[in-house]
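Before any comments, here is the structure.
What follows is calculated from the coordinates using simple rules that are stated; it is not laboratory data. In this text, all values refer to a predicted model and were calculated from it rather than measured experimentally. Counting neighbours? That spans all protein chains shown, and the Cβs are built from the backbone with ideal geometry, glycine included.
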Amino acid sequence: MATRKPALTPSAEQQKELDKLVGPWMAAQEAADKAQEALDAAYKAIFDVLYPNGSQSAGTENWQMPGNWILNFDHRENFKITDKAMLPDAAKAVAAIPQDEETGEVYSLDTVIKWKPEVSATGWRDAAPAVKKLLSEMNLIESNFGKAGLKLTKPKRVQIQPVAAVQKADEEQF
């Protein structure tokens, strides 16, 4: 597990600005969360009316509404590979399936799985300068910052000791 970087301390000027900005941000985030919950509930209610018992399959359908409005319903199906270590064996097993006698199709895992290279952020950060320089000069890897996330973490509860215990502890240190 990676070690967490220590928290940074804003300057007095930054803290003054943050004191003004964090409250409105928290209120906006709370409103956005409530709005998202309402949106999700409305979406589910419409889905349940149009597709009782989850009868819709993946794809896009248009529903005619009054006044010639069209309700476009796009239902995505998400996939993920559950165990990448099994891919080589799966590729061999699919290739071993006999060729289709009618179409002549030879089966391959490539028809089901997209093989796409991905950049390892950790690998890039840890790469030797010469490797980074070469790949950058080749314009092989490009990076840009995505949308920044904000999260305000509540302080951990601190157990307050009675004054006498604190004084006694201070006396023992000196």
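Taking the charge dipole of the range 46-114 about its Cα centre, with +1 at Lys and Arg Cβ atoms and -1 at Asp and Glu Cβ atoms, the residue from T111, A95, N68 reaching farthest to the positive side is N68. Of the options (i) 28.5, 91; (ii) 15.9, 45; (iii) 20.9, 83, only one is Rg and Dmax of the Cα atoms in Å as computed from these coordinates, and that is (i).
Over the chain, Cα pairs under 8 Å with separation of 6+ residues give a relative contact order of 7 percent.
Can you compute the modelled spin-label distance between D40 and S108, with each label point 7 Å from Cα toward Cβ, in nm? Each label point lies 7 Å from its Cα, and together they span 4.1 nm. Look at where the Cα atoms of the range 1-30 and of the range 57-87 average out, and the two centres are 38 Å apart.
Using a cut-off of 20 Å between Cα atoms, the listed pairs K5/K132; K80/K116; K20/K154; K16/K156; K84/K116 include K5/K132; K16/K156 as exceeding that distance. Loop-resident chymotrypsin sites (Phe, Trp or Tyr not before Pro) (DSSP state other than H, G, I, E or B) in the range 49-110 with no more than 16 further Cβ atoms inside 10 Å of their Cβ: W69, F79, Y107. Using the Cβ of Q29 as centre and a radius below 15 Å, the other residues enclosed give a net charge of +1, where K and R count +1 and D and E count -1. If the segment from Y51 to E118 were pulled out straight at 0.36 nm per residue, it would be longer than the present Cα-Cα gap by 20.4 nm. Ordering A128, L18, F145 by Cα displacement along the dipole of the chain toward the positive end leaves L18 in first place; charges were set at the Cβ atoms of Lys, Arg (+1) and Asp, Glu (-1). Computed over the chain, the per-residue total of -39500 (n - 2.57) for DSSP H runs of n ≥ 4 gives a 222 nm mean residue ellipticity of -14000 deg cm²/dmol, rounded to 500. Put a plus charge on the Cβ of each Lys and Arg, a minus charge on the Cβ of each Asp and Glu, and nothing anywhere else: the dipole of the chain about its Cα centre is then about 940 debye.
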